[in-house]
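The values are calculated or read from the model by the stated rules, or taken from the named source; none is laboratory data. Bear in mind that the values here come from a model prediction, so they are computed numbers and not experimental data. No Cβ is skipped: glycine too gets one built from the backbone with ideal geometry, and neighbour counts run over all protein chains shown.
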Amino acid sequence: MSCSTRVALITGGTKGIGAAAAIALAQEGIDVAIVARHDGDHATEVRDRVRSLNRRCELILADVGSPVDALRSVNEARERLGPISVLVHSAGGPYPKNILEIEPEEWHRAFDVHVHAAFYLCRATIPTMRERRDGSIVLISSGAGQRGCPANFAYQVVKGALPQFARALAREFAADNIRVNCVAPGIIRTPFHDPMTPEQRRHNLEHRIPLRREGTAEQVATLIKEVALNEYITGETMTVDGGLTMRMP
């Protein structure tokens with residue numbers, strides 16, 4: 001199927017990695033539906049950038065951690081743009097507490113936004129992908145899900161769950177030509193990492209990241225695009241982290 005007929009649904013698509021992925025896929029001739037909880041300047045900027053590339057772009061306001069909202073976002077994207085061929089689940093957020101500090105409500109919210117949302121979105125998009133025998137799903141995990149992340153207990157657990165989610169789904173639907181993969185970023189210069197202090201950034205560069213620099217959202221988006229469009233990759237988790245997961249001292 002040519003890229004010109006494809007539609008991508010991207011959660012968390014108004015800033016950071018999700019926004020960069022929306023632009024990268026649009027540059028490949030793919031129409032984009034971006035899903036976010038709130039409208040605002042970032043959403044307008046991404047939508048205008050995608051449309052400047054002569055691609056259609058729709059903003060859908062939804063909380064994908066809700067099964068009702070997740071299903072609605074898929075249905076709205078399909079109604080406005082057509083069948084979804086590419087799903088990128090990038091919505092999420094940090095939960096900077098250890099197991100003794102995090103409240104049960106926060107723990108459940110972490111699973112809602114990261115893992116349960118993936119479940120809802122995949123259930124809603126896979127039937128059409130099966131009918132068309134074409135589909136690519138990319139879940140955004142994290143290096144924290146592979147090597148851990150102190151004082152961010154819920155985040156590392158949910159990000160660790162997504163690679164196994166992708167493997168299980170990839171095996172189940174490979175015969176339908178549906179590819180399911182994960183991309184696991186490291187320390188990327190996006191609003192997600194804005195709370196880091198200068199001392200933390202310096203420690204990361206000097207002691208944790210072998211390449212001695214933070215990544216960019218565009219570098220992650222390049223990998224998302226390649227994984228989404230490569231028709232012979234499935235069940236994989238690919239890191240883009242400057243060597244962070246090599247466990248430097």
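Using the structure shown, decide if Arg56 is in contact with a helix residue (DSSP H, G or I) (Cβ under 7 Å, 6 or more places away or on another chain), at pLDDT 95 or above, surrounded by fewer than 18 Cβ atoms within 10 Å (Cβ to Cβ) and within 23 Å of Asp134 (Cα to Cα). Judged against the criteria, Arg56 is a match.
The set of residues from region 8-22 being in a helix (DSSP H, G or I) and touching a Pro at 6+ places or on another chain (Cβ under 9 Å) comprises Gly16, Ile17. All of (1) touching a Phe, Trp or Tyr at 6+ places or on another chain (Cβ under 6 Å); (2) not in a helix (DSSP H, G or I) hold for Ala154 with one exception: (2).
Residue pairs whose Cβ atoms lie under 6 Å apart, separated by 6 or more positions or on different chains, with the first residue in region 64-86 and over 13 Å from Ile30 (Cα atoms) and the second of a type in the set (Ser, Thr, Tyr) and not in a helix (DSSP H, G or I), are Val64/Thr11. Output the residues belonging to region 165-212 that are among the aliphatic types (A, V, I, L, M), in a helix (DSSP H, G or I) and at pLDDT 85 or above. Answer for region 165-212, where residues must be among the aliphatic types (A, V, I, L, M), in a helix (DSSP H, G or I) and at pLDDT 85 or above: Ala166, Ala168, Leu169, Ala170, Ala174, Ala175.
When Ile84, Ile99 are screened for being in contact with a helix residue (DSSP H, G or I) (Cβ under 9 Å, 6 or more places away or on another chain) and either modelled with pLDDT of 95 or more or aromatic (Phe, Trp, Tyr) (or both), only Ile84 passes. Tell me, please, whether a residue that is within 26 Å of Glu231 (Cα to Cα), surrounded by fewer than 16 Cβ atoms within 10 Å (Cβ to Cβ), of a type in the set (Asp, Glu) and more than 17 Å from the chain's Cα centre (by Cα) can be found in region 93-116. Checked region 93-116: no residue is within 26 Å of Glu231 (Cα to Cα), surrounded by fewer than 16 Cβ atoms within 10 Å (Cβ to Cβ), of a type in the set (Asp, Glu) and more than 17 Å from the chain's Cα centre (by Cα). Here the condition is being at pLDDT 95 or above, under 19 Å from the mean Cα position of the chain (by Cα) and farther than 24 Å from Arg132 by Cβ; of Asp69, Asp31, Asp39, it holds for Asp69 alone.
In this structure, Ile17 does not qualify as surrounded by 21 or more Cβ atoms within 10 Å (Cβ to Cβ), touching an Asp or Glu at 6+ places or on another chain (Cβ under 8 Å) and touching a residue at least 24 places away in the same chain (Cβ under 8 Å).
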